[in-house]
Amino acid sequence: MTELLAPAGSMEALKAAISNGCDAIYLGMQKFGARAYSSNFDLESLKEAVQYAHLRNVKIYVTMNTIVFENEVVEMKAQMNELNEIGVDGIIVQDLAALDYIVKNFLDMESHCSTQMGIDDLDGTLLFKELGAKRVVLSREVEIEKVKEIKRLAKIPIEIFVHGALCVSYSGNCLMSGLIGYRSGNRGRCVGSCRKAYELIDKTTDTALGISYILSTKDLNTIDYINDLKELDSLKIEGRMKEPAYVANVVSKYRMALDHKITEEDKENLSKTFNRTFTKGYLFHEDMKDITNILRPNNVGYEIGRISKIVKDMYEITLTRPLNQNDIIRISHNNEDVILTVVKLYDKEGNLINKADDVCYIKIKEKISKGDLVYITKDNLYYNELESSLDKEFRRFNLDLRVYAYPDSKLIIDAEGLGFNYLFESEEILGEAINNPTTKEQVIKQFSRLNDTIFELNHVDFEECNAFIPAKLLNAARRDIVQGLYDLKLNSQKKRTKALKAKEKISFPPKTPYLTASVTTKEQYDACVSCGIEEIYFENVVRRNQNNYKEKDGPLLIGGYGGIHHYRKTNPFVADYSLNVVNSASCYELYRLGAKRVTLSYEMNKRQIEDLINAYYEENEGYPALEMIVYGRAPLMFTKYCPLKKMNQCGICRTKNYEIKDEHGTFPILSHDDCSTTILNGKTLNLLDELQSIKGIEAFRLSFTIESNEQVAKTINMALSKLNGRVNKAVFNQETDTRGHFNKEIL
């Protein structure tokens, strides 16, 4: 059966999802979940959530899909142990250390690979199947045909997002929020940099091409493709930050679609809760330029008409859809919004009305114009309807009874429900009826009072034997049976742990630090060679996401898990920064997979690097082999979307240079041959002054992107001088450079 997986940022949202037909819930705790700003759950509320869900045959998956710094690993493990005790069905993870701990310690609690891991191919999926994951959440960029092929060949459950907000970057591969605002998307604290307005600049001609929400994606909506989606294991709705009414609306529509009960009106009603307009996504071959809504980054609502006339102090609205009193509307005027609640609504005679179908009149202070479009952002009546569904029982479970009632004996009831049997036996002895023996109908009447439970009475087997059963006793029996079956169901969850095996220690002899370089052009490569750099990453780079694995010679720089799976038996490799490594256990796992060095994440500070090295040494009685990027424009995001194509600059990127600009600075756009895009930081990471003080790093990498070959040579010579201690003068430029997170902890 295809699982319908719903989000819950609160207990109210969880009940809304379950009451509208989901099969599973994913939710976060106060720490380690990739939505730090939703209400989330503590241990007590999680226990309540698990019991509520499990009674209704709904599974609970907890998101622990952030990167985990060394000083948090003990706390992460403790939280996972508590989740296992509570009976959580699975944990969704990004960090290799988190995955490894679940796989090695728990028999019944599943590990699911988050979309933050960037798995978008068969190789990556097979790697995590081998590592013990029980499910893979594929990147949102994977097309449906490929999703089906991965499922067929990998033979592991596959989960995909089918509705809700989209990241413009590959998830887990966006550093923009963290490097600009010190709030990391990999830590669940994304500030939504992609939802801001930017100006596109043609650097070649120094021409401004307009300000827009050039990186803001539309919301995913695949309801029209439900038959294709049914072949997959789990359909995931995004929305842990959304209100319960949103969850109820979206879950109910996908439940209807899966059950072949949906109408076109139902599909249209998806627009009645939060949306940024909809896209079918890369999943169903959306043109990459149409994945964004550059006009607005927030709730659009749905269009209901336009301002058609101005009459004295009234504005006339000609409607294409009904408008009701207390609806919230948005009037789009000169690219700005007028938002108001319709407290008073008038007809053409000036009479107050509570609903209009064709024409209506409103009074507002703001100046708007004839022709302005009118949208509803909150349909009050529809919201009332949704809110009435928030805690109903979506389905009830059969309760079958065999009642044994004989005079001078105890009342015995054998109850069956939820797949369990419970035997009720009264303390009191039944008397013989003098006039009115208890009938089957009376038993059914008392046991039918199940509205505050998850049961409905199904079959009652009762032989009338002239016994009298007090109604009070039948009511007490009903309550006892319900609770008894609840307890049997809740206590049936297995929570087994594994016996740990000793692991092989892996360590590397310390080496004198040296420089490596990554380049994007042949000219930069030649400059590196001429300056004596021996390890240069150019045509031997296997990036994370969007790969066609071709046969390659020699050592590789690999940025994704699929690349590791594909090349680990044929090529020595260095693990790149995009694997987001921030702890010693993740390093160990990558060495075990064959990495000769591991590049640390951009999101670590000096103390965290020291913590990792010390922890690794203590665990393995030797050092890790580490690489660290110390110079270059950091890649803020890597995206399948092309902002230049969106702004009608398609193909010109080969002859021109572009950047986007906001109040913080400018961000160069690096266009790739396959039309994917990297947004670079406007400031250059420069830790060259720190090289002498950074201990335990084998290779310091210089990352070159848009630099000329002269700049490359100058930077290498400067870095060599700093590394060898020949130059004491500071080379950091406050205006153009940044130290990234080196001296400041990311949130």
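The values are calculated or read from the model by the stated rules, or taken from the named source; none is laboratory data. It should be emphasised that the depicted structure is a prediction, and the values quoted were computed from it without experimental measurement. Quick reminder, even Gly has a Cβ in these numbers, built from the backbone with ideal geometry, and neighbours come from all protein chains shown. Note: accessible area is taken over every heavy atom of the protein model, side chains too, but ligands, DNA and RNA are not part of it. Shrake-Rupley method; radii C 1.70, N 1.55, O 1.52, S 1.80 Å.
Observations, loosely collected:
- Between the amide H of Thr279 and those of Asp219, Leu220, Asn221, distances stay under 5 Å, these residues lying 5 or more places away or on another chain, with hydrogens modeled in the peptide plane.
- A cut-off under 10 angstrom between Cβ atoms defines the neighbours of Lys289, and their net charge, with Lys, Arg +1 and Asp, Glu -1, is -1.
- Whole-percent carbon and sulfur share, accessible surface of the stretch 470-585, 1.4 Å: 50
- Solvent-accessible area per residue for the chain (1.4 angstrom probe, square angstrom): 44
- Accessible area of Ile353 (1.4 Å probe, protein heavy atoms only, ligands and nucleic acids ignored): about 40 Å².
- Within the assembled protein chains, the solvent-accessible surface assigned to His285 is about 90 Å², based on a 1.4 Å probe.
- A 1.4 Å probe over all protein chains sorts Phe468, Phe397 by accessible area into Phe468, Phe397, starting with the largest.
- Exposure check, 1.4 Å probe, all protein chains in place: Glu610 carries approximately 90 Å² of accessible surface.
- Share of carbon and sulfur in the accessible heavy-atom surface of the stretch 112-212 [1.4 Å probe, %]: 51
- Dipole magnitude for the stretch 345-485: about 800 debye, using +1 per Lys or Arg Cβ and -1 per Asp or Glu Cβ, origin at the Cα centre.
- With the convex hull drawn around the C-alpha atoms of the stretch 1-95, the volume per residue stands at 90 Å³.
- Residue ranking by accessible heavy-atom surface, 1.4 Å probe, largest first, among Arg568, Arg396 comes out as Arg396, Arg568.
- Convex hull of the stretch 270-324 built on C-alpha atoms - directionally averaged projected area, nm²: 5.7
- Electrostatic bookkeeping for Val541 treats Lys and Arg as +1 and Asp and Glu as -1; over the other residues with beta carbon under 11 Å from its beta carbon, the sum is +1.
- Between the stretch 653-679 and the stretch 261-276, the alpha-carbon center distance in angstrom: 36
- The Rg/Rh ratio for the stretch 119-261, using Cα coordinates for both the radius of gyration and the Kirkwood hydrodynamic radius, is 1.04.
- Each listed q (0.09, 0.10 Å⁻¹) maps to a log10 I(q)/I(0) for the stretch 625-747, found by the Debye formula over equal Cα scatterers with no solvent: -0.31, -0.38.
- Ellipsoid semi-axes in whole angstrom, largest first, where each is sqrt(5λ) of the Cα gyration tensor of the stretch 310-426: 60, 15, 10
- A cut-off of 5 Å between modelled amide H atoms, ignoring neighbours fewer than 5 places along the same chain, links Val542 with Leu557, Ile558, Gly559.
- Stokes-Einstein diffusion for the stretch 197-268 at 4 °C, viscosity 1.567 mPa s, with a Kirkwood radius from C-alpha pairs, works out to 84 µm²/s.
- Tilt relative to the chain, helix 43-55 - C-alpha long axis, 0 to 90 degrees, to 10: 60
- Convex hull volume per residue, computed on the Cα atoms of the chain, equals 187 Å³.
- Part-to-part distance (alpha-carbon centres) for the stretch 358-420 and the stretch 176-210, which is given in Å: 41
- Relative contact order, whole percent, for the stretch 103-167 stands at 33, derived from Cα pairs under 8 Å and 6 or more residues apart.
- Split the accessible area of the stretch 288-387 by element, probe 1.4 Å, and carbon with sulfur accounts for 46%.
- With kT/(6 pi eta Rh) evaluated at 20 °C and eta = 1.002 mPa s, and Rh the Kirkwood radius from Cα pairs, the stretch 428-526 diffuses with a coefficient of 103 µm²/s according to Stokes-Einstein.
- Calculated [θ] (222 nm, deg cm²/dmol) that DSSP helices of n ≥ 4 give over the chain, each run adding -39,500 (n - 2.57): -7500 deg cm²/dmol
- For the chain, a simple Cβ point-charge model (Lys and Arg +1, Asp and Glu -1, everything else neutral) yields a dipole of about 1500 debye relative to the Cα centre.
- Taking Cβ atoms as reference points and 15 Å as the exclusive limit, the residues near Lys729 contribute a net charge of 0, counting Lys and Arg as +1 and Asp and Glu as -1.
- Taking only the C-alpha atoms of the stretch 495-563, Rg followed by Dmax gives 18.3, 60 Å.
- Amide H contacts under 5 Å for Thr318, placed H, 5+ residues apart: Arg306, Ser308
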